[in-house]
Amino acid sequence: MKLLLVLLSLFSLFSSFGQSRELTLEIQNIEIQNLESIDSIKIELTNQGFFRMGEELRLPVKKVNGKSSVLQRLNIQSDSTSLKIYFNIHDFIEIDDLDNLETDTLRISNFTLYPYCEQKGTWNTMTIFENDAEGETDFLNYETESSCVFDLSETDCAVPDSMILTINEREYISELRKHRNPGLVRMGHGDKRKLWIGEKRYFHFETVELFLNRRANIKLKKREPGKE
């Protein structure tokens, strides 16, 4: 019985949202930069769904009279939900403050899809331990060396430095920020001498693969009284 009450409390905690609403997302005039074709766009609704982990959706792209567009009804379950629209496989524009919309339609006049600019790097960390008076490893006395190597060459990257979106006839400009996300982790250990002389010292190292992705953030503004 106690376990059931705990589970019900957890369910109540993670399912208690602000007032939900239905929202129509309309993306007009979708342009495809250096891509052959695309049949869907990936979006994410944050802070909702199972344990508020977010919901990912693939929205079908329709083509009429040579123009591509998206029209989809969305269920916004939380006041803190934001909308991520991916302009390639990993990079996205995040739209916050959806509760500032005065209509039930979020209309984006133009949207461009770009190829993914794959950029990788590594974060290296090595911890070297000193030896005590008996020549054993002193795990309380050590030094750490860290370095980051990242290829930031963007010669072939078509993604711009900032995004300009017209949302419900209002223009928003947002800088694209770069984030480093961890990937495969490799670890190891061994012994080495200090400057190739003296006693060997125990060390262990960790190498983390890094992947660069780009994110823009737009906060919707309430329309000022007396202004269209």
Quiz item: Given the conditions (1) surrounded by 15 or more Cβ atoms within 10 Å (Cβ to Cβ); (2) without any contact (Cβ under 8 Å) to a residue 24 or more places away in the chain, and given that D132 satisfies all but one, which numbered condition is not satisfied?
Solution: (1)
Self-check item: Some residue of segment 98-106 being modelled with pLDDT of 95 or more, in contact with a Lys or Arg (Cβ under 7 Å, 6 or more places away or on another chain), open to solvent by less than 50 Å² (accessible area, probe 1.4 Å) and not in a loop (DSSP other than H, G, I, E, B)
Solution: no
Quiz item: So F92 fits all but one of (1) touching a helix residue (DSSP H, G or I) at 6+ places or on another chain (Cβ under 8 Å); (2) within 24 Å of E31 (Cα to Cα); what number is the exception?
Solution: (1)
Quiz prompt | Single match in S78, S68 (criterion: in contact with a Phe, Trp or Tyr (Cβ under 8 Å, 6 or more places away or on another chain), among the small types (G, A, S) and buried (at least 19 other Cβ atoms within 10 Å of the Cβ)) | solution = S78
Quiz prompt | Matching residues, segment 61-80, being in contact (Cβ under 8 Å) with a residue 40 or more places away in the chain and assigned to a loop (DSSP other than H, G, I, E, B) | solution = Q77, S78, D79, S80
Quiz item: Among the numbered criteria (1) modelled with pLDDT of 90 or more; (2) open to solvent by 90 Å² or more (accessible area, probe 1.4 Å); (3) not hydrophobic (A, V, I, L, M, F, W, C), which single criterion is violated by S37?
Solution: (1)
Quiz prompt | Leading residue by the ranking (most open to solvent (accessible area, probe 1.4 Å)) among those in segment 166-193 that are more than 19 Å from the chain's Cα centre (by Cα) and touching a residue at least 40 places away in the same chain (Cβ under 8 Å) | solution = E169
Self-check item: Candidate set: segment 127-182, residues that are farther than 19 Å from Q33 by Cβ, part of a loop (DSSP other than H, G, I, E, B) and not polar (S, T, N, Q); chosen: the one modelled with the lowest pLDDT
Solution: L152
Quiz prompt | Failed item, numbered, when Y116 is tested on (1) open to solvent by 100 Å² or more (accessible area, probe 1.4 Å); (2) among the aromatic types (F, W, Y); (3) part of a loop (DSSP other than H, G, I, E, B) | solution = (1)
Exercise. Taking the options F51, F11, F87, F17, name whichever one is at pLDDT below 90 and either in contact with a helix residue (DSSP H, G or I) (Cβ under 7 Å, 6 or more places away or on another chain) or closer than 19 Å to A216 by Cβ (or both).
Key: F51
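The values are calculated or read from the model by the stated rules, or taken from the named source; none is laboratory data. All values derive from a computational prediction rather than experimental measurement. Ideal geometry is used to build each Cβ from the backbone, glycine not excepted, and the neighbour counts take in all protein chains shown. Each accessible area value is taken on the protein alone, full model and side chains, heavy atoms only, with ligands, DNA and RNA left out. Shrake-Rupley method; radii C 1.70, N 1.55, O 1.52, S 1.80 Å.
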